1. Could you sort out which of Lys112/Lys197; Lys105/Lys283; Lys84/Lys274; Lys230/Lys283; Lys141/Lys178 sit more than 21 Å apart by Cα distance in this structure?
2. Using amide H atoms built 1.01 Å from N in the peptide plane, name the residues 5+ places from Met129, or on other chains, whose amide H lies under 5 Å from its own.
3. Tally Lys/Arg at +1 and Asp/Glu at -1 over every other residue whose Cβ is under 12 Å from the Cβ of Pro160; what's the total?
4. Suppose every Lys and Arg Cβ carries +1 and every Asp and Glu Cβ carries -1, with no other charges. What dipole size does the stretch 111-175 come out with about its Cα centre, to the nearest 20 debye?
5. Put +1 on the Cβ of every Lys and Arg and -1 on every Asp and Glu Cβ in the stretch 134-275; which of Gly150, Ile190, Gln247 then has its Cα farthest towards the positive end of the dipole?
6. So how long is each side of the stretch 182-302 along the principal axes, counting just the alpha-carbon atoms, biggest first, in Å?
7. With θ set to phi - 60° and the Karplus curve 6.51 cos²θ - 1.76 cosθ + 1.60, what are the ³J(HN,Hα) couplings of the stretch 179-184 in order, to the nearest whole Hz, using x for Gly and Pro?
8. If you plug each phi of the stretch 105-118 into the Karplus form 6.51 cos²θ - 1.76 cosθ + 1.60 with θ = phi - 60°, what whole-Hz ³J(HN,Hα) values come out, in order, with x for Gly and Pro?
Amino acid sequence: MKGILVLILAAAVGYISYQYAYPILAGYVKFEKHKKEIVVAPAPKPVVKKKVTVIEPPKPVVEAPKPKVVMEAPKPEPMPEMPKPVVDPNQFVAPVLPTIEEATKNWTALPKSAFPRQVTMKRDLQLSMKIGASSASTQVKAGGKMYAVGQDGANILVSPSDTSPMRGAVALDDTDLKDVLTQGYERWKITYTETLKRAHEFKLVAAERAKNAPPESKGTAKAGNDKPAKDKDGTYPLLVASMKSGQVTEIKPDIIKEWGEPQLTDGVWTVIVKYETQTMFGKFDTEAQAHIKNGAVEKWIYTGSGEVVP
């Protein structure tokens, strides 16, 4: 047993000597064969660090705020000037007349000339008729006839006849007075417009006749047939005296709105006046003319119709 341990110890010493002592001894005596080749590991290649380029994500493009567009209202284009219609100075222009509602202030102010006037009752009525302090009741059937003799506010006063003193109040709409006056007014408007038109035409014809008349008819050959004199205020003393004397009652100096120029035709001087006259439907302009010869007013007539002015 002791021998085995010796052998093991000898083997171990020999192995250690071969591993560590022999290479040093061999190197010293230049014994290459037994020199252990020392492999030198190659130096590690330098690690080349790759340059990593970091690409930043593109920044969002922020657009500059666009200027606000203020929409201006389109400027209106100038309207082309329309040629003005050529107005014939000799053309008759019809008057613009009010409606009957306007002329009567919506039936609240009927003219006095509308009475007396026969009317028809539209429904059965029990009327209280008065004569002074006395009163009596009477019944009027629809379709019955009465006379409208005046107005009392929204009512009209009726009577059995145009001369009877009896009076009774009845609503205007209970009679046909509105219809009667409206029909008369429409007829009057046509007649009035035609009268003004004839008056206009008369003045044109008279002016043309005076313009083209021979010299002997234009002059004042006869002594005393002088042209009517005009006062400083535009009136004619001869015509004013005729009105004040009562030769004409409808025309008064204070209602005349326009005095015309004297025209001589066939030895007669004519002066046209425009004045305001009261009709059944209100005040309207009317024309009349004075015929003058030898320094005196012979007559007054309506221009156009030729009727004598009362």
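Bear in mind that the values in this text are calculations on the coordinates, not laboratory data. Given the structure is predicted, the values throughout are model-derived calculations rather than measurements. Note: ideal-geometry Cβ built from the backbone for every residue, glycine included; neighbour counts use all protein chains shown.
1. Working: Lys112/Lys197 28 Å; Lys105/Lys283 13 Å; Lys84/Lys274 30 Å; Lys230/Lys283 27 Å; Lys141/Lys178 19 Å.
Beyond 21 Å between Cα atoms: Lys112/Lys197; Lys84/Lys274; Lys230/Lys283.
2. Result for Met129 returns Ala136, Ser137, Thr138.
3. On the way: positive: Lys145, Arg167; negative: Asp162.
Net local charge, Pro160 excluded: +1.
4. On the way: 8 positive and 5 negative charges, 20 e Å.
Approximately 100 debye in magnitude.
5. Gln247
6. 53, 32, 23
7. 5, 4, 5, 5, 4, x
8. So the Karplus estimates, Gly and Pro as x, are 6, 6, 6, 9, 9, 6, x, 4, 5, 6, 10, x, 8, 6 Hz.
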